[in-house]
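Here the structure comes first, spelled out in structure tokens, and everything after it is commentary.
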């Protein structure tokens, strides 16, 4: 799975370097096996943000994108869009993506939903169905995609903050930013990609990868 993510990230524009961060030697060996770059991070990093911030303190980078290792079907163009936004709009501290929510995922807590303000910034993320559809047709339900772009200062600031009540309640680290007044710009794309949170997700992604693999 990590190799699939690596290959897709390698096709994106605007990235100077692609590094896999892990505290597991087995993952590091797998990355080295397919020719990728890897850095070991401490096992006590509590979240992906903490892990990336730990590594980024040693990097000369104005911005960093967190591409999670459970997104093997992520569109390289989506990564490119975040990279371009971070470069062109440095006043946006955090950038992420959302796509239309599949009605079948409305009640799935593994499909994180997001609602936006009129300027395109996140108001809230939740595992619960939001917004409540008391009147249909006014707000399009959106599914949050697990990729984040950070301006360097914002990343280090967030990693230095303690976990917050809503973050703990929903088990969503992006809520730490909102609870501390850090804005998250949400870029909408036409179609999301399935991540891997459960065994069923893994089987579905394996089928999709098999369907898209080149045939001899």
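FYI, it's all coordinate maths here, none of it is from the lab. All figures in this text were calculated on a predicted structure; none of them were measured in a lab. Here the Cβ is made from the backbone with ideal geometry for all residues, glycine too, and neighbour counts use every protein chain on show.
For region 21-115, the Cα-based Rg and Dmax, in that order, read 15.8, 43 Å. Estimated from helical segments only, the mean residue ellipticity of the chain at 222 nm is -10000 deg cm²/dmol, where each DSSP H run of four or more residues counts as -39500 (n - 2.57). Quick check on region 1-64: take the gyration tensor over C-alpha atoms, sort the square-rooted eigenvalues as a ≥ b ≥ c, and tell me if it's rounded (a/c under 1.5), prolate or oblate. It comes out oblate by the Cα gyration axes.
Ranked by how many other Cβ atoms sit within 10 Å of their own Cβ, fewest first, the residues 167, 37 fall in the order 37, 167. Across the chain, Cα pairs under 8 Å and at least six residues apart give a relative contact order of 24 percent.
GNM on the chain, C-alpha springs below 10 Å: top fluctuator among 70, 117, 190? Comparing 70, 117, 190 in the GNM, the peak value goes to 190. When the chain is treated as a GNM with alpha-carbon contacts under 10 Å, the residue of 89, 73, 123 showing the greatest mean-square fluctuation is 89. Separation of region 134-174 and region 36-86, taken as the distance between their Cα centroids, equals 16 angstrom. Taking 138, 125, 34 in turn, the Gaussian network model of the chain (Cα-Cα springs below 10 Å) assigns the largest fluctuation to 138.
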